[in-house]
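Undergrad: Take a look at the following structure, please.
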């Protein structure tokens, strides 16, 4: 990322930009003039002067604050990194449940705790949740982590409202990304929504871009579901 590209442009820290929803969000923001710092466990896949990738295991939350020390100017945080492991009662794996909690919830908490004081008045925080937060058979551990994001987002929204910083959760239903075809989902295959197709990552990215825009300045503390009719 060059100084010329960064000068005067809004700057978002986005997790999970190596693929799926996180990548779609980063690419959408870059296309509309943002600069993006991507935090990923794997190598960055976006090549653009407005993008800088940082390899990071966000489940190691003790290192997040030091990793972000060099980021002093930031306009928005988008936490999109995530994964799913499934299991029914009697078969739940505590290590898998803990892994999802650390990445979805603990990392979100540490990222926001570190970056919120640096956000300008009118800054933005967007967390990628899931429609599954309402509960789904075989996905209780995953659902619990995504439900926790809603409680955190609403709490932060109240705290940050005097600074006009908005905090929202986007809760997609099954989205057509590599995550949808993960072999670890065996036994809990997604059901095709009433619209006859899955949500597109670009649609989630468009909603995220809107929530980061000035026009969304009065929307805060909300969980916005995008589901192709799956919740009807």
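The values are calculated or read from the model by the stated rules, or taken from the named source; none is laboratory data. Model, not experiment: these values are computed from the prediction. Here the Cβ positions follow ideal geometry from the backbone for every residue, glycine too, while neighbour counts run over all protein chains shown.
Undergrad: Tell me which of these residue 160 doesn't satisfy, since it passes every other one: (1) within 14 Å of the chain's Cα centre (by Cα); (2) surrounded by 18 or more Cβ atoms within 10 Å (Cβ to Cβ); (3) farther than 30 Å from residue 87 by Cβ.
TA: The one condition residue 160 does not meet is (1).
Undergrad: Would a scan of the range 118-129 turn up a residue that is closer than 24 Å to residue 34 by Cβ and either assigned to a helix (DSSP H, G or I) or modelled with pLDDT under 95 (or both)?
TA: Yes; the residues of the range 118-129 include at least one that is closer than 24 Å to residue 34 by Cβ and either assigned to a helix (DSSP H, G or I) or modelled with pLDDT under 95 (or both).
Undergrad: Here's something else I'd like to know. If a residue has to be under 16 Å from residue 206 (Cα atoms) and at pLDDT below 95 to count, how many in the range 166-187 make the cut? Talk me through it step by step, then tell me what you get.
TA: As a first pass, look at the range 166-187 and keep what is under 16 Å from residue 206 (Cα atoms): 168-173, 175-177.
Within this subset, residues satisfying the condition of being at pLDDT below 95 are 173, 175-177.
Total satisfying the criteria: 4.
Undergrad: Could you go through the range 187-199 and let me know if any residue there is assigned to a helix (DSSP H, G or I) and free of Cβ contacts under 8 Å to residues at least 40 places away in the same chain. Write out each step before concluding.
TA: Let us first name the residues in the range 187-199 that are assigned to a helix (DSSP H, G or I), namely none.
Looking for residues that are assigned to a helix (DSSP H, G or I) and free of Cβ contacts under 8 Å to residues at least 40 places away in the same chain, one finds none in the range 187-199, hence no.
Undergrad: Regarding the range 88-102, can at least one residue be identified that is touching a residue at least 12 places away in the same chain (Cβ under 8 Å), in contact with a strand residue (DSSP E or B) (Cβ under 9 Å, 6 or more places away or on another chain) and closer than 27 Å to residue 210 by Cα?
TA: Within the range 88-102 (the criterion being touching a residue at least 12 places away in the same chain (Cβ under 8 Å), in contact with a strand residue (DSSP E or B) (Cβ under 9 Å, 6 or more places away or on another chain) and closer than 27 Å to residue 210 by Cα), the answer is no, since none of the residues qualifies.
Undergrad: Continuing with this model, one more query. Take the range 17-56 and flag every residue that is modelled with pLDDT of 95 or more, under 15 Å from the mean Cα position of the chain (by Cα) and either surrounded by fewer than 19 Cβ atoms within 10 Å (Cβ to Cβ) or more than 19 Å from residue 104 (Cα to Cα) (or both).
TA: Across the range 17-56, the qualifying residues are 27, 28, 29, 36.
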